[in-house]
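Enquirer: Mind having a look at this structure? Questions to follow.
The values are calculated or read from the model by the stated rules, or taken from the named source; none is laboratory data. Quantities reported herein were computed from a predicted structural model and do not represent experimental measurements. Virtual Cβ from ideal backbone geometry, glycine too; neighbours counted across all protein chains shown. Areas reflect the complete protein model, heavy atoms only, side chains present, ligands, DNA and RNA absent. Shrake-Rupley method; radii C 1.70, N 1.55, O 1.52, S 1.80 Å.
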Amino acid sequence: MMPPVLVAGPTDDARRLAEAIDADTIWLPDSAATTDWAQAGGLEEWRETHGDGPRHHAVVVMAESADIEPLAAVELDGDAWIRRTEMPLARWAVALAVATRRVADGGSIVVVVDQAASLDVTGWAPETAVADAVEALVRSLAKSEGARGVRVNLVTSPRRLVSAPVSPPPPLSTFPGTLDDVISAVAAILAGDVAIVTGAVVHVDAGRAYR
């Protein structure tokens, strides 16, 4: 069986994840730091280049940006909005397109995205918008790809967005979690014991987002 493949930006976190799950890698081009849409054309070329290739039973997508910091929504100018919302979302769109083309029938796609709980989104409007859009894309792909037996699930984590303590405190004291927690969640979904689960969101946040 082909090993898993990770579709991601070449960040340290992505490299650790790839090593932990023993995955091949398809690195995204670094276009998230620009506001020049003329440069975004490279994403289409990247999608066509990497969309064809061996089919993998497991594909993990982690199209996170390398550097982020909180910024009040009212302070976001046009360039900041494009850099932090539109460009990252474009990267997610092409990454997920490649994932659907490279996953084998009956396989699994696991998507990992930064997402804060609704109580913690202040300063993270762009990241929240991107995460909500990615969640919608995951649910759409779960439906469209389910016809060929492909499961598509989402793992979210606030670990790069929010620091402890928060109020009210979540059920577990390990908030906001670590990359190792994210890796464990991804590995659990890829283990194959949840073959009937698709379109699900796993919040790796110590219970902060529980309803």
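Enquirer: Can you tell me how many residues in the range 159-180 are closer than 19 Å to VAL60 by Cβ and assigned to a loop (DSSP other than H, G, I, E, B)? Talk me through it step by step, then tell me what you get.
Expert: Here is the first cut: in the range 159-180, the residues closer than 19 Å to VAL60 by Cβ are 159-160, 177-180.
Imposing the further condition that a residue be assigned to a loop (DSSP other than H, G, I, E, B) reduces the set to 159-160, 177-178.
So the answer is 4.
Enquirer: Here are TRP37, TRP81, TRP92, TRP46: which of them is touching a helix residue (DSSP H, G or I) at 6+ places or on another chain (Cβ under 8 Å) and at pLDDT below 85?
Expert: Exactly one residue qualifies, and that residue is TRP37.
Enquirer: So the check is Cβ under 7 Å with 6+ separation or different chains; which pairs have a first residue in the range 52-68 that's among the hydroxyl-bearing types (Ser, Thr, Tyr) and a second one that's surrounded by 13 or more Cβ atoms within 10 Å (Cβ to Cβ)?
Expert: Here the result reads SER65/ALA32; SER65/PRO88, each pair linking the range 52-68 to a residue that is surrounded by 13 or more Cβ atoms within 10 Å (Cβ to Cβ).
Enquirer: For the range 57-78, enumerate the residues that are among the hydroxyl-bearing types (Ser, Thr, Tyr) and at pLDDT 90 or above.
Expert: Residues of the range 57-78 among the hydroxyl-bearing types (Ser, Thr, Tyr): 65.
None - no residue of the range 57-78 is among the hydroxyl-bearing types (Ser, Thr, Tyr) and at pLDDT 90 or above, so the list stays empty.
Enquirer: Which of the residues spanning the range 197-211 are open to solvent by 70 Å² or more (accessible area, probe 1.4 Å) and without any contact (Cβ under 8 Å) to a residue 40 or more places away in the chain?
Expert: ARG211
Quick grid of which residues meet (1) open to solvent by 10 Å² or more (accessible area, probe 1.4 Å); (2) within 21 Å of THR11 (Cβ to Cβ); (3) of a type in the set (Gly, Ala, Ser):
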position	(1), (2), (3)
ALA93	yes, yes, yes
ARG102	yes, yes, no
ALA116	yes, yes, yes
GLU127	yes, yes, no
VAL138	no, yes, no
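Enquirer: Looking at (1) closer than 21 Å to PRO10 by Cβ; (2) outside any strand (DSSP E or B); (3) touching a Ser or Thr at 6+ places or on another chain (Cβ under 9 Å), which one does ILE68 not meet, given that it meets all the others?
Expert: (3)
Enquirer: Restricting to the range 158-211, name every residue that is modelled with pLDDT of 95 or more, within 24 Å of ALA66 (Cβ to Cβ) and of a type in the set (S, T, N, Q).
Expert: Across the range 158-211, the qualifying residues are THR178, SER184.
Enquirer: Tally time: how many residues in the range 148-180 are open to solvent by 20 Å² or more (accessible area, probe 1.4 Å) and under 26 Å from GLY106 (Cα atoms)?
Expert: Matching residues across the range 148-180 total 3.
Enquirer: Taking interchain pairs and intrachain pairs at least six residues apart, which have beta carbon atoms under 8 angstrom, with the first residue in the range 74-89 and free of Cβ contacts under 8 Å to residues at least 60 places away in the same chain and the second surrounded by fewer than 18 Cβ atoms within 10 Å (Cβ to Cβ) and part of a helix (DSSP H, G or I)?
Expert: As it stands, the answer is ILE82/TRP37; LEU89/ALA133, since those pairs meet every condition given.
Enquirer: Restricted to the range 122-136, and to residues that are out of contact with any strand residue (DSSP E or B) (no Cβ under 8 Å at 6 or more places or on another chain) and either in a helix (DSSP H, G or I) or of a type in the set (Lys, Arg) (or both), which residue is farthest from MET62 (Cα to Cα)?
Expert: The residue in question is ALA125.
Enquirer: For the range 181-196, which positions are in a loop (DSSP other than H, G, I, E, B) and open to solvent by 60 Å² or more (accessible area, probe 1.4 Å)?
Expert: Keep residues of the range 181-196 that are in a loop (DSSP other than H, G, I, E, B), which gives 191-196.
Matches in the range 181-196: ALA191, ASP193, ALA195, ILE196.
Enquirer: Restricting attention to the range 71-80, report how many residues are surrounded by 10 or more Cβ atoms within 10 Å (Cβ to Cβ), more than 21 Å from the chain's Cα centre (by Cα) and assigned to a helix (DSSP H, G or I).
Expert: 2
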